[in-house]
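Asker: Quick one: the structure is below, and I'll ask about it shortly.
Taken together, the values in this text are just the output of simple stated rules run on the coordinates, not laboratory data. Predicted model, so just to flag it, every value in this text is computed and none were measured. Because the Cβ atoms are built from the backbone with ideal geometry, glycine has one as well, and the counts that use them run over all protein chains shown.
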Ligand SMILES: Cc1ncc(COP(=O)(O)O)c(C=O)c1O
């Protein structure tokens, strides 16, 4: 009953096999090998963007911080949601990698903002006021940090505000595949066709060992990326092993297969616990992650039975068995359906 994170799951066997296949002899380092070139071409193919600049990095934080570093001047502000990973979970890497740019949370809700809220946030900074931040990039996350989705229309509306303001739009796609599978759209539709300028294209949470692709559609905007990557100590010399992962991930649609499976398993988990007394979903489950209010006694029974997941609000220790605590449940492709059934069973049969 392991539902703590899609980072906690195993590497997909096809990706592990690809790493082992790449482990043969000497090849040029630093991206000069055939496999690295082929993997980058594959990313361009999947995004239908033959001109895009693509860089392989080992973590999502690296992709976000290096892309934002390339798109942002130190005196600009990046607009993002209240709970954006770049804002609350990257220990100021975006601020550091942009040379001190500010991050400005947009809107009321913690998972998403809309075009109108973005327009209001941008208009609070006057381009003529030299004492304020200048307008910088906008960053959205899809799947959002609260497990919800931006629809393609919502992204297009945000992109239009960006176009009018003259700022680029970045997409944190740590769970890009889960969003694409849930929305039933292509990588191009989810990104540049909707007006996105740069994507942190995640793979690690969805079956890879450690690789994400930073995709910047206009190469002119990517001119500094490689130097920033070197300066940040984020150039992987044996790049064939990053490339092997991305190559296998994008071969025969594996990325959509694993994401679709993770989403399906999350839907099963949702169906298993919804309707149980005291169970309430804090956000609609739209992909592979959900946030669930449950009384303390149900959480305790689950933990005692071996379930592992994070409590996001409230304490497991406490006197009132009925006090609602917020749990975060995430599925990756490898979750066992029997474990889902067991989780639902324990949650249902728990007693205060
Ligand atoms: C939305 C989002 N963006 C970025 C990241 C960063 O990933 P990493 O831990 O690989 O730096 C995560 C990881 O949890 C995430 O959830």
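Asker: Please identify, among 280, 315, 41, the residue showing maximal mean-square fluctuation in a Gaussian network model of the chain using a 10 angstrom Cα cutoff.
Answerer: Of the options given, 315 has the highest mean-square fluctuation.
Asker: Sequence gap at least 6, Cα distance under 8 Å: using those rules, report the relative contact order of the stretch 255-349 to the nearest whole percent.
Answerer: Computed value for the stretch 255-349: 36 percent relative contact order.
Asker: If you rank 217, 97 by fewest surrounding Cβ atoms within 10 Å, what's the result? Can you show the working numbers first?
Answerer: Working: 217 19, 97 24.
Ordered by Cβ neighbours within 10 Å, fewest first: 217, 97.
Asker: Just how many % of Cα pairs in the stretch 92-144 lie over 12 Å apart, if you round to the nearest whole percent?
Answerer: Counting pairs separated by more than 12 Å, the tail of P(r) holds 70 percent.
Asker: Under the definition of Cα pairs under 8 Å and six or more residues apart, what whole-number percent is the relative contact order of the chain?
Answerer: For the chain, the relative contact order is 23 percent.
Asker: Based on DSSP H runs of at least 4 residues, each adding -39500 (n - 2.57), what is the mean residue ellipticity at 222 nm of the chain after dividing by all its residues, to the nearest 500 deg cm²/dmol?
Answerer: Helix contribution divided over all residues of the chain: -11500 deg cm²/dmol.
Asker: Let me ask something else about it. Starting from 0 in steps of 10 Å, tell me what percent of the Cα-Cα pairs of the stretch 114-239 lands in each bin.
Answerer: Pairs per bin, as whole percents: 12, 38, 33, 15, 2.
Asker: Using only the Cα atoms of the chain, what do you get for the radius of gyration and for Dmax, in Å?
Answerer: 20.9, 62
Asker: With both bridge residues required to lie in the chain, what share of the DSSP beta bridges run antiparallel, to the nearest 5%? Intermediate results must be reported in sequence, preceding the final value.
Answerer: Numbers: 22 of 39 bridges.
So the antiparallel bridges amount to about 55 percent of the total.
Asker: For the stretch 187-239, what is the convex hull (Cα atoms) projected area averaged across all directions, in square nanometres?
Answerer: Values: hull surface 18.1 nm².
If I average the Cα hull's projected area over directions, I get 4.5 nm².
Asker: If one computes the Cα centroid of the stretch 220-276 and of the stretch 291-313, what distance in Å separates the two points?
Answerer: Using only Cα atoms to place each centre, the spacing works out to 28 Å.
Asker: With springs connecting C-alpha atoms under 10 Å apart, model the chain as a Gaussian network and identify which of 135, 26, 85 has the largest mean-square fluctuation.
Answerer: 26
Asker: Over the Cα atoms of the stretch 1-128, each weighted equally, I'd like the Debye log10 I(q)/I(0) at q = 0.15, 0.16, 0.18, 0.23 Å⁻¹, rounded to two decimals.
Answerer: -0.98, -1.05, -1.16, -1.31
Asker: Among 210, 62, 313, which one moves the most in a GNM of the chain with springs linking Cα atoms closer than 10 Å?
Answerer: 313
Asker: Could you give the distance between the Cα centres of the stretch 30-71 and the stretch 141-198, to the whole Å?
Answerer: 18 Å
Asker: Please give the direction-averaged projected area of the C-alpha convex hull for the stretch 255-349, in square nanometres with one decimal.
Answerer: Quarter of the Cα hull surface area: 5.7 nm².
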